[in-house]
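The values are calculated or read from the model by the stated rules, or taken from the named source; none is laboratory data. Note that the structure is a prediction, hence the values are computed from the model and not measured. Every residue, glycine as well, gets a Cβ built from its backbone with ideal geometry; the counts of neighbours run over all protein chains shown.
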Amino acid sequence: MFLGILGLLMIVIIVWSLIQSKTNPVPIFVIVPIIMAVIAGFGPSDIFTFIQAGVSKTWSTAVLFIFSIVYFSLMSDVGLFDPLVNYLAKKAGNNIMLVTIATALIAVVGHLDGALASTLLITIPAMLPIYKKLHIRPVTLVCIIGAAMSIMNLVPWGGPVARTGVVLNADVNALWQALIPLQGVGLVILIIFAAYMGMVEKRRGAGLNPTGEAALLDSSLVPTDGNVTSEDLEAMKRPKLLWFNGLLTLVVIGLLCFTKIPLYGAFMFGLAIALIVNFPGAKAQSKAIKMHADTALTMPMILLASGVFLGVLSGTKMMDNMASMLITLVPDFLGGHLQTIFGILGVPIGMLLGTDSYFFGLVPLAISVGEKFGVNPQDMAMAMLISKNYGVLVTPHAATTFLACGLAGIEIKDMLKFCAPRLFIMSLISLACGAMLGLFHI
């Protein structure tokens, strides 16, 4: 119980500090967990082991971020996205809903491989310049992608369904077949949600000729160093290499989707080729990289620091104790409806625990307790699976959350404030649909 309380307190402090934005996330993710581990009675050698284990889980995403952000920023610098941006901006005009719906559809297609990172890496760089040009908030882009990934993540090769199959000792394909009707309904709800978000942005004045609050948005397309001038950016354009850069990007995306090469390996390859062809000479290549050094290094530092938090949370067993503590808080008279309760709380609990701890820590415990009250294990697992999925992009200690923030150029506090409530509502709608489709009994 003591470790569970410490773990919960640590998460509350970290989330509060991130939202308050009083300091950089790096010291928050490093200092708070170490202090909590010391309070829990662990010595330096134990804490170092926890840190090593945690950082080993985040380093690959940190490396991925370094190379992917520089690659896509470079492609934007050389003008790869300009024709698409200009075309869509011209066609959309003030019909912002077309852009937001297109975002949802691109994210759906991008998530067919079930990988969160590759969906973000495909969708955000392609759509962000359009959002900036039409004065649509980038946080809206991230929110729509989060909703699209949530419903598409129910495929059998997606992590949540696979984990649920392991917990239930069930065939993942059988689970997916039961979920297909929900996915169909969910895609319709997604399009409606994307259209609604477009209406909201239009009311704010978004469009080619913005009015109201939307006019205050920065219209720059790529985050760069403050010393970079518009003349520098114009000199980076490579219109004669448009087709080469487009083909290279398709190759990189193909490597992401259809091979088992590490994601960061695909971007290492793409960036190396892009630098050689677009910027011959060491001096030109160094300048191209330095233009985005600030963005490319800041977020990986946060990702590596979050590994300290994850390592301490897991290594000290705070996570396991938190899961057990949550179960004991359920009153007896609600025992027969545990699946509904945990379904409703799927997003907030999932944000606290993270994916692995949620499915391998909390779900088995919830099933065990639910059985004592006559709750079918499949009902419990299905309810917890359906709702939790909508928290995949708003978990404060998940690497993909920081990847999304970095690619979209938004702060995590803004993402959590904007996306979490909307995705929580989407999870409740999806949960209600799942109940009506008979996926679990209320």
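When residue 258 is tested against (1) among the aromatic types (Phe, Trp, Tyr); (2) farther than 30 Å from residue 25 by Cα; (3) surrounded by 14 or more Cβ atoms within 10 Å (Cβ to Cβ), only condition (3) is not met. Scanning segment 129-149 for residues that are within 14 Å of the chain's Cα centre (by Cα) and crowded, with 24+ Cβ neighbours inside 10 Å gives 140, 141, 142, 143, 144, 145, 146, 147, 148, 149.
Which residues, counting only those in segment 167-177, are touching a residue at least 24 places away in the same chain (Cβ under 8 Å) and surrounded by fewer than 17 Cβ atoms within 10 Å (Cβ to Cβ)? Selection gives 170 alone. Touching a Gly at 6+ places or on another chain (Cβ under 9 Å), at pLDDT 85 or above, in a helix (DSSP H, G or I) and not polar (S, T, N, Q), is that true of residue 187? Judged against the criteria, residue 187 is not a match. Scanning for something crowded, with 17+ Cβ neighbours inside 10 Å, assigned by TED's automatic domain parsing to the domain that holds residue 130, modelled with pLDDT under 75 and not in a loop (DSSP other than H, G, I, E, B), does segment 245-254 turn up at least one residue? The answer is no, given that none of the residues of segment 245-254 is crowded, with 17+ Cβ neighbours inside 10 Å, assigned by TED's automatic domain parsing to the domain that holds residue 130, modelled with pLDDT under 75 and not in a loop (DSSP other than H, G, I, E, B). Among the candidates 274, 288, 206, the residue that is at pLDDT below 90, under 21 Å from residue 129 (Cα atoms) and assigned to a helix (DSSP H, G or I) is uniquely 288.
Of the residues 59, 16, which is touching a residue at least 12 places away in the same chain (Cβ under 8 Å), within 20 Å of the chain's Cα centre (by Cα) and surrounded by fewer than 18 Cβ atoms within 10 Å (Cβ to Cβ)? Of 59, 16, the one residue that is touching a residue at least 12 places away in the same chain (Cβ under 8 Å), within 20 Å of the chain's Cα centre (by Cα) and surrounded by fewer than 18 Cβ atoms within 10 Å (Cβ to Cβ) is 59. Given the structure, is residue 11 of a type outside the set (Phe, Trp, Tyr), loosely packed, with under 14 Cβ neighbours inside 10 Å and closer than 17 Å to residue 320 by Cβ? When the stated conditions are applied, residue 11 does not pass them. Of the residues in segment 349-358, at least one is at pLDDT below 80 and among the small types (Gly, Ala, Ser). Would a scan of segment 89-97 turn up a residue that is assigned by TED's automatic domain parsing to the domain that holds residue 266 and either modelled with pLDDT of 85 or more or closer than 16 Å to residue 394 by Cβ (or both)? Yes, segment 89-97 contains at least one residue that is assigned by TED's automatic domain parsing to the domain that holds residue 266 and either modelled with pLDDT of 85 or more or closer than 16 Å to residue 394 by Cβ (or both). Taking segment 340-442 as the region of interest, none of the helices (runs of 4 or more DSSP H) fully inside it holds 2 or more residues being in contact (Cβ under 8 Å) with a residue 40 or more places away in the chain, acidic (Asp, Glu) and not assigned by TED's automatic domain parsing to the domain that holds residue 173.
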